[in-house]
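Have a look at the structure below before the remarks.
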Amino acid sequence: MTNMVEIERRQDEAQDQLRITIMNEFCRIMGRSGLPPMAVMRLAARAVGEVYREVADSHSGPNACPCNWRPNERADTDMLCTALMAAIRYRPVADLRTMRIAGSA
């Protein structure tokens, strides 16, 4: 059980770091380019797709990464779309007692 808690903690930290980085770059790009939010969102989605393609390519073929992950474009795309839709639909919880603990003081 401790291992699962550790994995969840690492995932939460990674998600927080990615969110902060993406938000900072999103705001910077909007400010510099003058593009509207959805144009920048579309570009960000394309960039994520391009990152997926590069990582998938490095995990395929005779010189594939030895980590044992093998891309499955259909299943991976479904998972990414599900994660995106879940994040879009997320609404902050009004009752702080029901919120997940983010850290410790």
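On the stretch given as region 52-84, residues that are at positive phi and open to solvent by less than 80 Å² (accessible area, probe 1.4 Å) total 1. Can you say whether Glu25 is over 13 Å from the mean Cα position of the chain (by Cα) and among the acidic types (Asp, Glu), as far as the supplied structure shows? Against the criterion (over 13 Å from the mean Cα position of the chain (by Cα) and among the acidic types (Asp, Glu)), Glu25 qualifies.
Any residue at all in region 85-102 that is β-branched (Val, Ile, Thr), modelled with pLDDT of 95 or more and loosely packed, with under 12 Cβ neighbours inside 10 Å? No.
The values are calculated or read from the model by the stated rules, or taken from the named source; none is laboratory data. What you see is a predicted model; the values in this text were computed from it and never measured. Virtual Cβ from ideal backbone geometry, glycine too; neighbours counted across all protein chains shown. With ligands, DNA and RNA removed, areas are computed over all heavy atoms of the protein, side chains included. Shrake-Rupley method; radii C 1.70, N 1.55, O 1.52, S 1.80 Å.
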